[in-house]
Amino acid sequence: MNTALVPQQNKKSLLATVASRFEMEPVAFLETIKQTCFPRTKDGKEATNEQVAAFLAVAQQYDLNPFTREIYAFPAKSGGIHPIVSIDGWVKIVNSHPDLDGFEFEDIVDANKLIAVTCIQHRKSRVGRPVRVTEWMNECYRETEPWKQMPSRMLRHKSFKESARYAFGFAGITDEDEAR
């Protein structure tokens, strides 16, 4: 029997816990998640309960909403899925962290062209020792529509996400560029 979403004795299942956040019945929630948040495989198969369980565990850990695409499932080359956190999700988890004391950005420009963005994340527990991460356009740029249309914004997002990882140690989550 598939036990990935079945509760242990005297415990509420992960599925029931997350479904209750959205005031949905677990079975209806599972089907809704599979149909709206998971891409079908090339051969038409839907997500397995184990994939959904892994995805929901990450969504639950970071209090992210899959219906507003704060987190979504991205197919892994190995056949599984990657839980991808959108910029809205990253902003939510950073802003909700109790140790956050603000963040700021610095653009690095050469010959009137943006070449890098530094994000500085401040933690209350590290006064005077902010985390600074610089992301370079030539290392991050991808031939995708978002990067072609909004390269400055995408680089700012990338520096924000990477500095958040260093500042707060967020694990098990990534962005779509890395998943590719």
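The values are calculated or read from the model by the stated rules, or taken from the named source; none is laboratory data. Computed from a predicted model, the values in this text were never measured in an experiment. Using ideal geometry, Cβ is built from the backbone for each residue, glycine included, and neighbour counts are taken over all protein chains shown. Surface accessibility is based on the protein's heavy atoms, side chains included, excluding ligands, DNA and RNA. Shrake-Rupley method; radii C 1.70, N 1.55, O 1.52, S 1.80 Å.
Here are the numbers:
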{"read-out": "Subset tally (residues that are of a type in the set (D, E, K, R) and modelled with pLDDT under 95) for region 107-128", "value": "1"}
{"read-out": "Selection within region 50-86 - assigned to a helix (DSSP H, G or I), open to solvent by 40 Å² or more (accessible area, probe 1.4 Å), in contact with a helix residue (DSSP H, G or I) (Cβ under 8 Å, 6 or more places away or on another chain) and not hydrophobic (A, V, I, L, M, F, W, C)", "value": "Gln60, Thr68"}
{"read-out": "Region 128-158 - residue that is free of Cβ contacts under 8 Å to residues at least 24 places away in the same chain and among the hydrophobic types (A, V, I, L, M, F, W, C) and, of those, surrounded by the fewest Cβ atoms within 10 Å (Cβ to Cβ)", "value": "Met150"}
{"read-out": "Region 166-177: number of residues that are touching a residue at least 24 places away in the same chain (Cβ under 8 Å) and open to solvent by 30 Å² or more (accessible area, probe 1.4 Å)", "value": "4"}
{"read-out": "Test set (1) within 19 Å of His82 (Cβ to Cβ); (2) at pLDDT 85 or above - Leu30 fails condition number", "value": "(1)"}
{"read-out": "Total residues in region 87-106, condition more than 26 Å from Val127 (Cβ to Cβ) and open to solvent by less than 80 Å² (accessible area, probe 1.4 Å)", "value": "2"}
{"read-out": "Residue under evaluation Ser86, criteria (1) at pLDDT 95 or above; (2) within 17 Å of Lys161 (Cβ to Cβ), criterion not met", "value": "(1)"}
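Condition check ((1) in contact (Cβ under 8 Å) with a residue 24 or more places away in the chain; (2) touching a His at 6+ places or on another chain (Cβ under 9 Å)) across all residues:
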position: Ala28; (1), (2): no, no
position: Gln35; (1), (2): no, no
position: Gln61; (1), (2): yes, no
position: Pro66; (1), (2): yes, no
position: Arg69; (1), (2): no, no
position: Phe74; (1), (2): yes, yes
position: Ile84; (1), (2): yes, no
